[in-house]
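Taken together, the values in this text are just the output of simple stated rules run on the coordinates, not laboratory data. Note that this is a predicted model, so its numbers are computed, not measured. Here the Cβ positions follow ideal geometry from the backbone for every residue, glycine too, while neighbour counts run over all protein chains shown.
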Amino acid sequence: MPRACEIFIRVIRVIRGKIFEGVVRMKKTGIIYTPRYMEHDTGGHVENARRVKYIREGILKKPWAEKIEWVEPRAATVDEIAMNHSREYVGYVKSACGRVRDIGYLNPDTAISPESYEVALLAAGGVLLGIDRLMEGSLDGFFAMVRPPGHHAEYDESLGFCLFNNIAIGARHAVEKHGLSRVFILDWDVHHGNGTEHSFHGEKEVFFCSLHQSPHYPGTGARRDMGEGRGLGYTMNFPMRSGSGNEEYLYLFGEIIAPAIRKFGPELLLVSAGFDAHEDDPLSGINLTDECFATFMDMVKKATGPGCPVGCVLEGGYNLGALGRSAAGMTGVLAGAEEGILETGNLKPAPPAVELAEYLKAEHPFLKNQGKK
């Protein structure tokens, strides 16, 4: 065989091998979505139906999109919502939505419409279905592209655009139905997930970790808040100064968060995936880029290792273009695509981020080896 032909055949084999390798690396990833999520009508409110439209369009443009399984959610039952909320509150939300003719408000910042209660059940139920699929092994990861968001919702109160706390309900489901004892919730929304923290403040089965702008809404999430009772050491807060960006966030991920995940050894990791810490977001003073969210997911997956499934739940993000790009980038890395990942080897964070890391190393019970699995 002529030498040129041999070289050509070898090149073709290498290319085919790389293509096959790329296909094998792609994980079984689902996106929980239904057009009904757009029926939670908030009018001209910043949290509106166009958000999920832009995310969906951003994902469908990607070359790996054909590998994604689109999963139709189910509605959560009242009993399932009541794992994390009072039944009286669930009834109040149902009644309030039932009385609305067009658009109303549960509080000054949380809009509702006649369909909002049913859509909120689908949002929480979508997360529950995603977790069930992870536990049965038919998915390795999921992104619940849900509305309304949830992490501000308290036991008996709606706050911050949220009706039911989707991710907290999901974590309860993982512990109570599937018997898990180590669930890690990572919240990188620009606003502190007050409802989620309060749900698990006294428990050690669910580790809650939040990076959020401070001072900012809702005013919770101080670095000294580390849990209480048997949950002491299983809450970790990173209040970030306005103006913080990729360098500060990625430094803290590598220095504190990834080691904490590895030590905790989660059986399931859930992400409150807010994209409002983006530099273009109108509700944020944080300056993250599109690629930073993809890099977060890469660092999370490396910290958990291949045996821990990951589920992401949509929270905030209000610049539509930035939201669509950032969510698609995160989802791609979740699915195994290696694109848009930033280099983290030579970070130069601002002094406040370094001081925060040193404070937590010195004062946080889990990092001082007092926290137990």
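Side notes on the structure shown:
- Charge dipole of the chain about the Cα centre (unit charges at C-beta), most positive-ward option of Phe264, Ser116, Gly285: Phe264
- Unit charges on C-beta of K, R, D, E only; dipole of the range 28-363, Debye: 440
- Just so you know, the averaged projected area of the alpha carbon convex hull for the range 276-341 sits at 4.3 nm².
- Considering only alpha-carbon pairs that sit under 8 angstrom and 6 or more positions apart, the relative contact order computed for the chain is 18 percent.
- Among Asp187, Asp79, Asp156, residue whose mean-square fluctuation peaks in a GNM of the chain (springs only between Cα atoms under 10 Å): Asp79
- Dividing the radius of gyration of the alpha carbons in the chain by their Kirkwood radius gives 0.99 for Rg/Rh.
- Computed from the alpha carbon positions, the gyration tensor of the range 129-213 leads to an equivalent ellipsoid with semi-axes of 21, 15, 12 Å, biggest first.
- Sorted peptide list for 295-308, 337-350, criterion being average Cβ within 10 angstrom, highest first: 295-308, 337-350
- Straight-distance crosslink candidates among aspartates and glutamates, where the alpha carbon sits under 15 Å from Lys53 and sequence neighbours closer than 8 are dropped: Glu39, Asp41, Glu315
- For the range 115-156 versus the range 258-289, the spacing of their alpha-carbon centroids is 18 Å.
- Listed residues Ala362, Ala322, Ala294, most fluctuating in the chain (Gaussian network, C-alpha, under 10 Å): Ala362
- The charge dipole of the range 188-297, taken about its Cα centre with unit charges on the Cβ of Lys, Arg, Asp and Glu (plus for the first two, minus for the last two), comes to roughly 560 debye.
- Shape category assigned to the range 27-135 from the gyration tensor of Cα positions, a/c cut at 1.5: oblate
- Amide H to amide H, with H built 1.01 Å from N, Leu270 comes under 5 Å of Phe184, Ile185, Leu186, Gly311, counting only residues 5 or more places away or on other chains.
- In the range 28-363, the DSSP beta bridges split such that about 15 percent are antiparallel, to the nearest 5.
- Ranked by the mean number of other Cβ atoms within 10 Å of their residues, highest first, the peptides 245-256, 199-210 fall in the order 199-210, 245-256.
- Positive-end residue of Leu128, Tyr155, Phe275, charge dipole of the range 28-363 with Cβ unit charges: Leu128
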